[in-house]
Amino acid sequence: DERGAVRRDLAGRELLITAGGTREDLDPVRFLANHSSGRQGWALAHAALVRGARVRLLAANVELETPPGAERIDLGSAAELADAVATHRSRVDALVMAAAVADFTAADRAQDKIKKDDGDDDSVPSLALRRTQDILRHSVLDRADAEYPVIVGFAAETGGNAASALDLARAKAHRKGADLLVFNDVSGEVFGSASNSVHILDQTGEELAASAGSKTAVAHVVLDELARRLPEVPW
Ligand code: CTP
Ligand code: CA
């Protein structure tokens, strides 16, 4: 997006962007994970830097080079991400939750590698899981002032079709209460790909904008909506 590329409308702003996918250890050698590559979060970071923002990236298992100029903090699990967000969110102008956060983690991480029973080919261990903190929801509830920071969530849905996925996203926008919810339909080939298709919803589920194309183009459209919600700088 060339308009975004020349406009330094985020100068003096600081964005906290989570990216990638968390990993939940089951034992010393295994974990529960997801397909998020971190590319959409990275594209948001690149686009925000170009527009003059300072960017702190909380990267969950991302194998991409740090965008030049961004401050990067690497972490692994949902609990580590929750701690990092709690530490950094109060000093930023916007929190962008692009990371795919595990909803469940092991109730008890095994100290030793979980073994299979060689004497019984039918026996399988059962994994006890517990819920993780909903970082986005938590951040919305914890926001001290109604204006700071702007909070952006993402929703990956696989509905039966695009329309029903969008309905799920509208309901999620209500539940989360973030200022913006970026819905993307992950029925197609989104993970690891350079392109994306999104609908940007407000907290009532109303559609504000839609964008399809490169993750960079999508990032600029998200930042356009985010920038509109930042309070005026008093100088
Ligand atoms: N999210 C979060 N903490 C979690 C789970 C999700 O902060 N423990 C955030 C994600 O970063 C994303 C948004 O919530 O910005 C929506 O994530 P999504 O997985 O689509 O929604 P969930 O509420 O977890 O619902 P479900 O997975 O059941 O569809
Ligand atoms: Ca989830």
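Quick one: how many residues across segment 93-109 are outside any strand (DSSP E or B) and under 11 Å from Leu136 (Cα atoms)?
Residues meeting the conditions: 3.
When you scan segment 162-181, how many residues do you find that are more than 15 Å from Ile200 (Cβ to Cβ) and without any contact (Cβ under 8 Å) to a residue 24 or more places away in the chain?
Summing the residues that are more than 15 Å from Ile200 (Cβ to Cβ) and without any contact (Cβ under 8 Å) to a residue 24 or more places away in the chain in segment 162-181 gives 4.
Regarding segment 166-182, can at least one residue be identified that is farther than 24 Å from Ala86 by Cβ, basic (Lys, Arg) and either within 13 Å of ligand 1 (Cβ to nearest atom) or at pLDDT 90 or above (or both)?
Yes, segment 166-182 has at least one match.
Given the conditions (1) within 13 Å of ligand 1 (Cβ to nearest atom); (2) under 30 Å from Gly12 (Cα atoms); (3) in a loop (DSSP other than H, G, I, E, B), and given that Leu141 satisfies all but one, which numbered condition is not satisfied?
(3)
Working carefully through the options Val101, Val85, Val96, find the one that is modelled with pLDDT of 95 or more, within 28 Å of Ala47 (Cα to Cα) and away from ligand 2 (no atom under 16 Å from the Cβ).
Val96
Quick one: what pairs do we get from segment 122-141, first residue under 18 Å from Asp83 (Cα atoms), second within 16 Å of ligand 1 (Cβ to nearest atom) and among the basic types (Lys, Arg), C-beta under 7 Å, 6+ apart or different chains?
Leu136/Lys176; Arg137/Lys176; Ser139/Arg89; Val140/Lys176
Filter segment 184-235 down to residues that are modelled with pLDDT under 85 and on the phi < 0 side of the Ramachandran plot, then give me how many there are.
Matching residues across segment 184-235 total 15.
Search segment 122-136 for residues being open to solvent by 80 Å² or more (accessible area, probe 1.4 Å) and at pLDDT below 95, and hand back the single one that is farthest from ligand 1 (Cβ to nearest atom).
Checked segment 122-136; the qualifying residue farthest from ligand 1 (Cβ to nearest atom) is Asp122.
Got a number for residues in segment 81-121 being within 16 Å of ligand 1 (Cβ to nearest atom), touching a residue at least 24 places away in the same chain (Cβ under 8 Å) and open to solvent by 80 Å² or more (accessible area, probe 1.4 Å)?
Of the residues in that region, 2 qualify.
The values are calculated or read from the model by the stated rules, or taken from the named source; none is laboratory data. What you are looking at is a predicted structure, and each value in this text was computed from that prediction instead of being measured. Neighbour counts are summed over all protein chains in view; Cβ atoms, including those assigned to glycine, are modelled from backbone coordinates with ideal geometry. Each accessible area value is taken on the protein alone, full model and side chains, heavy atoms only, with ligands, DNA and RNA left out. Shrake-Rupley method; radii C 1.70, N 1.55, O 1.52, S 1.80 Å.
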